[in-house]
Structures are given as C-alpha cells and as structure tokens.
Amino acid sequence: MSRVLRVLSAGLGAGVVVTESAAVAPQCSGGSGNASCPSRSPQGVDLMQRSFVHSELAMAQHLHGDYDCDGDGVQDCGKCDYRMGMCTNQQMCGHLYKFPDASLDRSCRCRRCPAFPGTAFGDTMLKNPEQAGAPFNAMSWGLFKTWADHMNTCAPWVMPRDDTALRNLLAHAREKSYKVRISGAGHSAGGIVTDGQNRQVLVLSLAEYTAPGEWEFGIRDMPNGSKRATANAGWTQFHLYEKIRPLGFFVPAQTAGYFFSLGGIVANSVHGGSYHSGFVHGYATRMRVMLFDGSIKMIDTEEEMRYWRCSFGLHGIILGVEMQLEQREQLQMYVVKEKMSAWNSEEFWKFIKQSAEADLPAEVLPAEGGQGSRKSWNGEFFVDFMNGGETPQVISYSQKANHSVDPDFDGELGIPENVHEGYAYMKNKRVAEDGRGWMSWGEAARRDGAPPIKIAGVEVNDMLDSMKALPLAGLLSKAAVQQIPGFVERMSKRVNDGFFLTYSPAALAAAYFVEPSKGFAAMDYLRKVQLESKGSKDFVWNLPGEFRFLNVQDSAVLQPVKAGIWFNAQMI
C-alpha cells in the first residue's frame, strides 16, 4: 500500500502528489567499501531515491563513463552532499537515477550542456536572441534552474519583453516542434517547470515582460463597493504591494516573503498563514492569457477560472491577473515568543489558542489548551526543536487588523509616513547574481526570485558546505528563530504590509496537509526526526519546524486538498 506525500516548494507550495514506493532496494554483494556497493544513504533518503524520478539534468553521453567527466582518470562525480540535498561538484555533476542505484551518491553523474544540434537546447536564437537575430525581442537568462539550486537543466531560459515577442517566440517554437514551459521566479518544486530530460523544451519567463494598459497595473471599483487590482503576471508580490499598500489595500492571503511571481502563485497551490484564507489563487478573479497559437483571451467567468487557477502552466501563458482586494485601516505586525514549559499537546495548543490568539473555530481543534481571544487573523509558527530538548522555544509571527489591534501596541498600525521611500529603498538596492553581475533587487526578484542570503559575501549554503564539520545546525536553527522579531519590526516600520522576508537562504521545503486535530502528532514526529539527525555525518536538520493553518476554499479543479480548515506541517 502506498502513502501520498504532498511536496511543497519553499513558500510557493506547488502541490505535487508523489507516491512513495514500498519496493526494496537491490542488495549489494561487494561490501560497503566496494565501488559497486556504496555506503547506505541516511534513513528515509533511500525511499525518496526510489520513489522520485530524479531527472534533474539533461545528461550528455560521455565516452569516459558516468563519473569521470573529462577522461583524466579521476572521478569527478559519484558523491552526494546530503546536507545540501544535491550532488557535490555541481559544475560537472547532476542527479540522474539509473537502476540499480542504491544511494544518492551513485546517482550523481557527469553532466554537460553541449551543442545539442537541432534541439531547443542547442538553438542559438534561444541562447542569445539579440546576437542571433531572433524574430522575437527577448533577453536570455541562461539555462533554467530552480531558485534553491537543487535542479539545474540545459533548457534555455528566455524572457520576452511584450505580447509581440511572446507571439513570435511561440511561432518559432511551433516551427521547430519545441515544447514551451512557463516559469515564474524559479521557486516552484523541482520538475514542475521542466526536469531537463526533453531536449526540445525551452522555458519562458515574464520577468522582462511589460503588459498593455490596465494589465500592467490598474484598480477598478466593483458594484458592491470593493476594489480589484489588475497587474502584470511577471510582477512579484512586492511589485503589486508597492502599488496597493500606500492606498491601504491588501490581497486576502499572502506569503511570508515577497519574491514569488503573481503568475506563479495563481498557477500553483501557494498559501500564507491566514486563519480565514486559503490558497492565494482563490482570490484571482480574472486573467489575461495567451494560448498556444499566440491568440489572447480574457478568462472572466468562474467556470473557466476554476480551470486556470492552480493549472501549473498547462493551458497557456498567464499574462495578467486581477486580484480581489481588501482594505485594512490598521495592521499590527508582531511576534509572540515563548519557551514551552513542556513539549506536550496541552502546552502546544495553549500557545496557539491563548498566546498566539489564533482565530480558529473550536469545533475543528482538540480540547487541549483552553480558549483564547481569537483576535489574530494570521499566524506563522516556528519551533526550534534542535536546541529545545523537552522545552523548545516556539514563536508565532502574527497579525491583527482593524478593530482587533491592541490599543497599547507600541509600533506602526497604519500606513508609514515614508511608505513610498520604503518600497523604493528595497526595490532599488543593488544585489549581485552569481555569474550575472549587479542589478536592482526588484529586477533580481522578478528574474529568479532574488539572491539567497549571504554572510560576508558568501552564500549561506556555501558557508555550510565548507564548515560542515562544525556543529552549526543548532546555531542556525536558533538564529532563524531569534532573527524573526527583528525582521518583523523592521518591515513594520518601513512599509507595514504583512511581509517580513526580503531574503532567505536557498532552502528546500516540504509540507503535509493534516487535519488540525492531528497537528501536534505531526510536529511531534518532525521533532523526533530532527533530534535523531543530530550527530549524523550525512544529514542534519538545520532550520526550525514550521506550521500554519489555512482555510481552503473550493476554487480550483486541480488544487491538492479539498475545501476546509487544514493544519500545514512544514519541514525546511
């Protein structure tokens, strides 16, 4: 009997259903030191190795074998970095499973992106549109990879600048029999856009796209007095909030960080931490789309919208999105932090109900923890299992709005006086993209999700790799929890729009949707797994456990769970 795992990307939450196989791995006969019988992977990784199709890269055929990429007699590949969840020597090696690989190490094979003549991978017009005289006005962004760098492909990544360029690019693809896949800012789970196996695939992004008229940005009044905003689907949430927050408006659901494209979040199962709201796509009310033949269509009926929401780019290109807005005259961004007196169900639910004041109906929750005020409409929870033992530290980033704000709150409640300057400061900040030079943060966010956090100019993940012999997992988990109050306070003062992350480390994430009554059991199991990883030479959890609640609406044909209130257990 198989189990079903709903894999979510970090923050993005693209709901992919993956079946875990119960097959038994082939047995080695040569001993653990033999090249044909590698050392065992950490607990749980072997199961994932067999159940997922690890088609990370389009592999070239090498005369020198799978592991010696340049024929110098030295193995360049054949080793996986379990801490980072990827093959070592990423420049030369990628993940491609071949039977009977018994470990992730053996699946790390040589990769190359050679000419591939006659394919999309080798098309010079896709790789360098301007110099090759392509019939479409577009910028090349190299080869497609996911933001967290756990999937690199040889598929060209092309960014057309307007409707004509998009139409001409699709015509070029049809003429060459290419397949077109659509990306947002690269935060989706690996394989959602492309797994890199088909050499006839090109990836299209709206990062450089400008939409016509109101579909670049506009606000319209509805007969019932509400408002809706239309926006370029290639914008991120930051670019939308830069326009609507100074007017006092919000989208009913939002993520922790800005750096996801609007087209991406409505085409996937992305959610925030609102007790009242579900997936962000449920608040998309109209779309402007381009079909395979270059024709443009307005999607404006609920029947059609149900097929386009959470559609993973299967129907066509979402060019513009109209979002439902709500007004909040007051918004209180704040943090509740406690060291639990004991790790048990009573204390767990007491923190959620009483300390975090979660607005959740009693009928869907266990009786433990008593009753709370239910004044908070949004909560994102983090638990530092790696350092807490039997009394872990738990934190909630919470929000209150309008009549529920605390009268004695010592912080920003309205629209900051310098809100325009706050957005301009973040948008125009110069950042460096590896191999692509300097650009503004706003440009980087649209192109591939904003650069990961760096310390002293070094990416956090690279630092971890070089210092993996040190016991850093506990320090990182503790630091992540300790930094949240500062992030929240700074963003509250600057723009007070509910978001608290402008950067984050390139982390991998997954989550389970479970019934709220099973919330403690889910987190208790995550705690057990995290603590058991301590001392492992292969893989140690290094970030807090997370959880949220969401009220899913029946808004899309392909959404991953049915309507109702869910507990979302997250592992990062």
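General remarks:
- Each residue of region 239-329 gets 103 Å³ once the volume of the Cα convex hull is shared out per residue.
- Kirkwood hydrodynamic radius of region 289-443, from inverse mean 1/r over distinct Cα pairs, in Å: 20.2 Å
- Label-to-label distance, nm, for residues given as K297 and L475 (7 Å Cα→Cβ offset): 5.6 nm
- Size descriptor for region 330-384, Kirkwood hydrodynamic radius: 11.8 Å (Cα pairs only, one decimal).
- Carbon and sulfur %, accessible surface of region 269-420 computed with the full protein complex present, 1.4 Å: 47 percent
- Cross-link reach list, lysines versus K537, counting only Cα pairs under 17 Å and skipping chain neighbours closer than eight places: K79, K468
- Mean Cβ neighbour count within 10 Å, used as a protection proxy, ranking 556-562, 441-447 highest first: 441-447, 556-562
- Linear extension gain, K528 paired with E175, 0.36 nm per residue minus alpha-carbon span: 121.6 nm
- The charge dipole of region 200-301, taken about its Cα centre with unit charges on the Cβ atoms of Lys, Arg (+1), Asp and Glu (-1) only, comes to about 240 debye.
- Exceeding the 27 Å Cα-Cα cut-off - candidates K227/K375; K243/K337; K337/K528; K339/K429; K375/K427; K427/K493: K243/K337; K339/K429; K375/K427
- Label-point separation in nm, R430 to K562, each point 7 Å along Cα→Cβ: 5.6 nm
- Packing-based ranking, highest mean first, of 125-132, 339-346 given that Cβ atoms within 10 Å are counted: 125-132, 339-346
- Overall Cα dimensions of region 177-248, principal axis frame, Å, largest first: 50, 24, 23
- Where a label projected 7 Å from the Cα of Q327 along Cα→Cβ would reach, residues of region 223-242 with amide N under 12 Å: 225-228
- Sequence ranges 93-105, 269-281, 411-423, ranked by mean other-Cβ count within 10 angstrom, highest first: 269-281, 93-105, 411-423
- Counted over region 465-572 with a bin width of 10 Å, the fraction of Cα pairs per bin, in whole percents, is 12, 32, 34, 19, 3.
The values are calculated or read from the model by the stated rules, or taken from the named source; none is laboratory data. Everything quoted here is computed from the prediction, not taken from an experiment. Positions of Cβ are backbone-derived with ideal geometry, glycine not excepted, and every protein chain shown enters the neighbour counts. Areas reflect the complete protein model, heavy atoms only, side chains present, ligands, DNA and RNA absent. Shrake-Rupley method; radii C 1.70, N 1.55, O 1.52, S 1.80 Å.
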